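See structure below.
Every number here is computed from the coordinates shown, using simple stated rules; none is lab data. Quick caveat, the model's predicted, so the values are computed rather than measured. Please note: Cβ atoms are built from the backbone with ideal geometry, for glycine as well, and neighbour counts cover all protein chains shown.
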Amino acid sequence: MIRKPKIVRLERRLTRRMIQVQAVALLLFFVLVVFPLGIYPALRFIEAPPLDPGNAEIFAEAIRPAATGGAEVEMTPKLKQLIADKPGVWFLASTEAGVSVSLGKIPVFYDELNTALWEFASVDVRPRAGSPVDALQLERHRSQIGDVMVASGGGRTIGVVSFVAGFWALFSLALLAITTIAAAIIIPRVIRRELRGLKQAAEQAELIDIDARGTQLPIENVPQEVRALVDAVNAGLTRLDKAYAQRERFLADSAHELRTPIAILQTRLETAAPFPEKPRLLMDVARLSGLADQLLDLQRIDLGETAMRSLDLAEIASTVVGDLAPLAINAGYELALRAPEQPVMVSGDEGSLTRAVANVVQNAIVHGNNRGHITVEVSVAGVLSVSDEGPGVARAGRGRIFEPFYRVKPLATGAGLGLNLAASIIQRHQGRIAVTEAPGGGARFTIALPLAAGTEASQP
C-alpha cells in the first residue's frame, strides 16, 4: 500500500513557525518603536495637557472698566482669534478689591474660585488621566482696571508633536492589525505554492520500486533551495537503474553459461555405469538445471519477454504432481492432488508458474521429514495450496521464509533460493504466496493468483 507523503504536515509546521516569527517581529516592533514614539507621548499628553501661558495675558488686555461700574470684556482681535482657535477656552479674572469678570463656560468645579483668586500667587492644576476636572492655570497680569488674577482653562489643543505621536500610534496599530491578518492569509498560500513541486516529487518518490525502474522525480515547480537535492536523487536513481541492469545481464549470462555444462554433466551421469552416488548426483544436477531455468524465467518476466496467456492452474498442478511423484514416493511420502473437474483459468507464463509450483512441492518433499502425506489442492477461486505433515514453519520464521538464502535449518542442504524464486514469480503474476500451519500440524503454502479475464469463480 502506497503511503501518502507527509508534505502536508511539513507545510503546516512551516506555516505555524512563519506566523510565530511574524508575530514576534511585530510585537518587537510595537514594543521598541510604536510605543516609545507614539503611544507613550500620547499618554503623557493625556495625563498633562498643555495650556498656553499667553492666553491669560490676552484676556487681561481685553478687560475694560464698565460704564456702570465694575469691569467688562472687550472682544479684541486677539481674543476673537483665541476663541476661534480654542472654542472651549474660559477665563475668570478678579481684582484684589473683588471686582471680577469672566468669559466662557466655567466648570462647576471652579464656580467658587472668584472669591479666592488672590489667596494664591500662581496655580498650575494638572488633573490625572481620565479625570472630569479641567486643567487650570492662575497668573497675575496688568489690566486697565489694575492688577488682576486670571484663571484660565479649557481650550486644549494638540501640538504638532503630540498630533504626530498620536497619528503614528493609530497608524502603527492599524498597520499591525492589517499585517497580522495578511500574514495569516498570505503565508500559508505562499508556502503551499512553494511546496507544491516538492509534494509532487514526494508522491513520485513513493512510486519508486524495483519493478518500476526508470522513475525520476519531477524537477518542475521544485523550490530552488532543494533542487540540488532532487537532482542528486535523480542521479542516484539513474545509477541504481544502470547497476540493476548490469546485474540482470550478469544473471542472464550466467544462467545461459551454466546451462551447457549442466546439460553435459547430466548426460554423462545418465550414460555412466551405475554406482552408489549416481541417483543423488542426478538429483543434484536436476536441481541445478531447474535453478538456471528459474533465473532465466525471472529475467524474461522482468524484461517483459514472457508470453502471458490463459492457463489452467489445475493442469499445471497435475503436471507438477506427475513429474515429482517418483521423487516424493522414493522419499517416503504419499503425494495427492485435489482439483476441480472444470478448468481454473489464470493468466501467466506457463514455464515460470510450473517451476514456482514445483519449487513449493519440492520444499515440502525436502522438509516434510520423509513421512506422511503431501497434498496439492486447487480451488476454483485460483488458489493452490501445498500441505505436508512435517514439523511446519515456526511463526518467527514465516516472515523470512521467502527471503533469498534463508534456511529454516542452518545446516540444511540447498541454496535457499527455491521459495524466494517461487515468491518472485508469483508476485510478478500479481499473485500472493503465504505460509501457515496445515491441519495436520505441518506447513501449508498457499498461492493465490488472479483469474483470467472473463473467468468467474464458482463453486465446484
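Going by neighbour counts of Cβ atoms within 10 Å, the residues Met308, Met345, Met18 line up, fewest first, as Met308, Met18, Met345. With K and R counted +1 and D and E -1, the other residues having a Cβ less than 13 Å from that of Pro340 yield a net charge of -3.
For the peptides 257-270, 355-368, 94-107, 383-396, the ranking by mean Cβ contacts within 10 Å, running from highest to lowest, is 355-368, 383-396, 94-107, 257-270. By other beta-carbon atoms within 10 Å, ranking His256, His429, His373 with the fewest at the front produces His256, His373, His429. Averaging the sequence gap over all C-alpha pairs within less than 8 Å and six or more residues apart, then dividing by the number of residues, gives the stretch 306-448 a relative contact order of 24 percent.
Just add up the charged neighbours of Pro439: K/R +1, D/E -1, any other residue whose Cβ is under 15 Å from the Cβ of Pro439.
Working: positive: Arg338, Arg444; negative: Glu377, Asp388, Glu389, Glu437.
Local net charge: -2.
Is the stretch 54-155 best put as rounded, prolate or oblate by its Cα gyration tensor, with a ≥ b ≥ c the root eigenvalues, rounded for a/c under 1.5, and otherwise prolate when a/b is larger than b/c, oblate when not? Note, shape of the stretch 54-155 comes out oblate. Local charge for Arg287 was computed over the other residues whose Cβ lies under 13 Å away, with Lys and Arg +1 and Asp and Glu -1, and equals 0. Averaging the Cα positions of each part gives two centres, and for the stretch 223-272 and the stretch 343-371 these lie 26 Å apart. Exposure proxy for Val285, Val380: other Cβ atoms within 10 Å of each Cβ, ordered fewest to most, give Val285, Val380.
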